[in-house]
Every structure is written in structure tokens, then in C-alpha cells.
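The values are calculated or read from the model by the stated rules, or taken from the named source; none is laboratory data. Predicted, not measured: the structure shown is a model, and the values here were computed from it. Cβ sites come from the backbone with ideal geometry, for glycine too, and all protein chains shown count toward neighbours.
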Amino acid sequence: MSAPLDIKGPAAPPRSNGELVFAEPWESRAFGMAVTLYEAGAFTWPQFQAALIARIVAQEAAAAQDEPYDYYRLWLDALEDVLVGQGTVSPDEVTTRAQALADRPPGHDHNHDHPR
């Protein structure tokens, strides 16, 4: 089962010449994490797509119309919404994990002492 990424509209991932575009390494990791969890059966694609569209609509309503939004930030927020919403993880677990990642020294992408 692979994610239906040929979608159009507001939930479609950014592309250039048909290829996915990532401005930062974390964006490709967030993308890969969501697709991998979907392919493992953690949620359905319509669940994720609905959460992503809800985040995009809320962001567009809150921001000026000519202000671009951070697509992959919303992608990550939508993934969190789905996983927390169905009880896969708790909000506290997300916060704790995000803080642990934020506390890493700059330039240290992986923690080799504690493989997961």
C-alpha cells in the first residue's frame, strides 16, 4: 500500500517539475514519517488528508491571503492531530519527544547512543 500522493488541491505536496520539493531536511523526514506510518496501517490516507486540509484551511483563515504557509509544518501538525486523535500517542508524549529533539546540540541529527 502506498500513499496516494498524486493528489491535487491544497493538500498536494509542493512539487517542481513533478518532483517533491523539500526546503529543509526535516521536511523530508516529516513527509517520510507520515507515509511510512500510513503504509504500516497506523491510519488511513483520508484521515490524514482531512487533518491536513483542516490545518491548511485554519492557517489560511488566520493569515493574510498573500502570506504563504509552511506546508510541512502543517503536514507535521496534521500527523500529530491524527495520531493523538486516535490515541496512538498522547499530547504529553509528543511534547516530551519534541523537547528532547529540540534540546540536541546544533548539527546533531541523530542520537547514536539511544537507537530507537
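Among the residues making up the stretch 59-87, a single one is of a type in the set (Ser, Thr, Tyr) and either more than 11 Å from the chain's Cα centre (by Cα) or surrounded by fewer than 12 Cβ atoms within 10 Å (Cβ to Cβ) (or both): TYR69.
If I filter the stretch 59-110 down to residues being assigned to a loop (DSSP other than H, G, I, E, B) and under 15 Å from TRP26 (Cα atoms), which single residue comes out as modelled with the lowest pLDDT? Applying the filter and picking the extreme gives HIS110.
For every residue, the table says whether it meets (1) closer than 15 Å to LEU83 by Cβ; (2) at pLDDT below 90.
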{"site": "PRO10", "(1), (2)": "no, yes"}
{"site": "ASN17", "(1), (2)": "no, yes"}
{"site": "SER28", "(1), (2)": "no, no"}
{"site": "ALA34", "(1), (2)": "yes, no"}
{"site": "TRP45", "(1), (2)": "yes, no"}
{"site": "ALA54", "(1), (2)": "yes, no"}
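Within the stretch 36-58, the set of residues being touching a residue at least 12 places away in the same chain (Cβ under 8 Å), part of a helix (DSSP H, G or I), of a type in the set (A, V, I, L, M, F, W, C) and surrounded by 14 or more Cβ atoms within 10 Å (Cβ to Cβ) comprises LEU37, TRP45, PHE48, ALA51, LEU52, ILE53, ALA54, ILE56. Being surrounded by fewer than 15 Cβ atoms within 10 Å (Cβ to Cβ), basic (Lys, Arg), touching a helix residue (DSSP H, G or I) at 6+ places or on another chain (Cβ under 9 Å) and assigned to a helix (DSSP H, G or I) is a property that does not hold for ARG29.
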